[in-house]
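The values are calculated or read from the model by the stated rules, or taken from the named source; none is laboratory data. Bear in mind that the values here come from a model prediction, so they are computed numbers and not experimental data. Heads up, the Cβs are rebuilt from the backbone with ideal geometry, glycines too, and the neighbour counts pull from every protein chain shown.
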Amino acid sequence: MTVQEQASPAEVRRKGVPGFMAGKSPGVEQPPPPEPGELPQTPHEIEGPYFRLGAPMRSNLLEPGDKPGIVLSGRVLTERGKPVSGAVVSFWSSDAAGNYDMVGWRYSGYVLTDGEGRYEVTTIIPGCYEPREAKHIHVKVQGVSRPVTTQLYVEGEPGNTDDDYYHPALVVPCTTDENGVKHGTFDFVIKQVTREENVTPESLAARV
Ligand SMILES: [Fe+2]
């Protein structure tokens, strides 16, 4: 393909095609492709400028007066499909107008997975903000691992495939109930550090 024949980013933004910035940012390293018998690991995405430590543990991120937008649930699994219990799953997003709370903890919180690796959180459908076209929920997932930072996109919301960071593997399939609340399911797949990887002769020798 010659340079002249290459599609522009706008032309390749369509269903099933990642946005041209998906996973591409300094410091964002993608997980390796799955070995035979393994699940594909959740793609990594940028943290963005709005993550702050210290959000409360809670499974309901709604503010007074909010109507639930989405009940998001699923599991945290290893690449071998084993549930990860006690994993920390942190969520943060903008409000419905596209603004992030940089003082308090609106639309920010974390949950722990149960003994079967399950999590659930209820929140709003966030708004959009420049330069993002997609309504997205930022997530960090950590088990016995480094935190995995990613973003989720809500199936059926406008703008998903116009977003530079959109990734089709990060779309949450949803149903909508009689009250207009979306119910989405998404399983995170993250590699766990094994004892063999974590405890080496070198690491033991380095302990003081
Ligand atoms: Fe964001």
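Taken together, the residues in region 112-128 that are within 18 Å of residue 47 (Cα to Cα) and either away from the ligand (no atom under 13 Å from the Cβ) or surrounded by fewer than 16 Cβ atoms within 10 Å (Cβ to Cβ) (or both) amount to 1.
Mind checking whether some residue in region 99-121 is within 19 Å of residue 83 (Cβ to Cβ), without any contact (Cβ under 8 Å) to a residue 40 or more places away in the chain and of a type in the set (Val, Ile, Thr)? Looking through region 99-121, at least one residue is within 19 Å of residue 83 (Cβ to Cβ), without any contact (Cβ under 8 Å) to a residue 40 or more places away in the chain and of a type in the set (Val, Ile, Thr).
Scanning region 136-151 for residues that are touching a helix residue (DSSP H, G or I) at 6+ places or on another chain (Cβ under 8 Å) and within 11 Å of the ligand (Cβ to nearest atom) yields a total of 1. Annotation note: Cβ proximity below 6 Å between a residue of region 123-136 that is assigned to a strand (DSSP E or B) and a residue that is near the ligand (Cβ under 8 Å from one of its atoms) and at pLDDT 90 or above (sequence gap 6+ or interchain) occurs for 136/151.
The residues listed here are 106, 52; of these, the one that is within 16 Å of the ligand (Cβ to nearest atom), more than 28 Å from residue 180 (Cα to Cα), among the basic types (Lys, Arg) and at pLDDT 95 or above is 52.
Cβ-Cβ distances below 8 Å connect the following pairs, each with a first residue in region 56-70 that is farther than 24 Å from residue 118 by Cβ, a second residue that is assigned to a loop (DSSP other than H, G, I, E, B) and of a type in the set (Lys, Arg), and a separation of six or more residues or different chains: 63/106.
Assigned to a strand (DSSP E or B), polar (S, T, N, Q) and touching a residue at least 12 places away in the same chain (Cβ under 8 Å) - does that describe any residue in region 186-197? No, every residue in region 186-197 fails to be assigned to a strand (DSSP E or B), polar (S, T, N, Q) and touching a residue at least 12 places away in the same chain (Cβ under 8 Å).
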